[in-house]
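Below is one structure, written out as structure tokens; the observations come after it.
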2 protein chains.
Amino acid sequence: MATAPSTTRELAHPTREEIRLEGVLHALSDPMRLSVVRDLAEQDEELSCSHFVLPVTKSTSTHHFRVLRESGVLQQVYRGTAKMNGLRRDDLDALFPGLLDSVLAAAAGQAHRLGRS
Amino acid sequence: MATAPSTTRELAHPTREEIRLEGVLHALSDPMRLSVVRDLAEQDEELSCSHFVLPVTKSTSTHHFRVLRESGVLQQVYRGTAKMNGLRRDDLDALFPGLLDSVLAAAAGQAHRLGRS
């Protein structure tokens, strides 16, 4: 009945070929998920989940990261006890050229317009 | 109690300033709504709701068009008995430069990859 720890710590990701535009757009359509992606794009490095201080419960936060991972926007790996998040920019740029950059630019422009940049 | 017909036939739209990126991405994240937007972008003219043959019930179809209208992606007006749909390309391009085109290109690329173009 018991599952080996090594197995439970492997997180499922879609391959590049399995990533779908609709899923990516859905993942990016939530303000909190979009802010996580903007942070990752700005830092250009892996960040732990605890880096992101989202004004939601832990389980909601975990849900948002799962949506981002399962849609193919993020790669999540355990490094020691930390769950690290990286943007799958190469995959997204290869599949949907210019999409991620236009969404990031749109998000920055909107934040500026709304005085939240 | 009765509402004047002229009032009921006016459909609510966000102004350009009220359009939000998250709402637009959500509207575009559904395969059927995305196909409606692709059709409108290709035709480059207003199309009636009945032009679109979606494999869903009438009420689901109406829901999809409402999501597209309320997010600011489409403009819907009654012309006689037909509800006509137009893409709000000028508004979207002004707010989010390059976004609509990159989504349309991504959708075309994906349809081609999946053999559905």
* Condition check for A:V37: within 12 Å of another protein chain (Cβ to nearest Cβ), of a type in the set (V, I, T) and under 15 Å from B:L99 (Cβ atoms) -> yes
* To do: Identify all residues within the stretch B:73-88 that are open to solvent by 10 Å² or more (accessible area, probe 1.4 Å) and either polar (S, T, N, Q) or closer than 17 Å to A:G109 by Cα (or both); write none if there are none.
  => B:Q75, B:T81
* **Counted residues, the stretch A:29-72 - those being of a type in the set (F, W, Y) and exposed (fewer than 14 other Cβ atoms within 10 Å of the Cβ)** => 0
* What number of residues in the stretch B:52-61 are outside any loop (DSSP other than H, G, I, E, B) and over 25 Å from B:E22 (Cα atoms)? -> 1
* Structure fact -> Inside the stretch B:62-106, the number of residues satisfying the requirement of being free of Cβ contacts under 8 Å to residues at least 24 places away in the same chain, within 12 Å of chain A (Cβ to nearest Cβ) and in a helix (DSSP H, G or I) is 5
* To do: Could you tell me which numbered condition A:L40 fails, if it satisfies all but one of (1) closer than 30 Å to B:R116 by Cα; (2) under 11 Å from the mean Cα position of the chain (by Cα); (3) not in a loop (DSSP other than H, G, I, E, B)?
  => (1)
* Asked: Mind checking whether some residue in the stretch A:45-62 is under 23 Å from A:A106 (Cα atoms) and at pLDDT 95 or above?
  -> no
* Consider A:R16 against the criteria (1) over 20 Å from B:L25 (Cβ atoms); (2) more than 14 Å from chain B (Cβ to nearest Cβ): it satisfies all of them except one. Which criterion is unmet? -> (2)
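The values are calculated or read from the model by the stated rules, or taken from the named source; none is laboratory data. This structure is a prediction, so every number in the text was calculated from the model and none was measured. Positions of Cβ are generated from backbone atoms using ideal geometry, with glycine treated the same way; all protein chains shown enter the neighbour counts. Heavy atoms of the whole protein, side chains included, go into the accessibility calculation; ligands, DNA and RNA do not. Shrake-Rupley method; radii C 1.70, N 1.55, O 1.52, S 1.80 Å.
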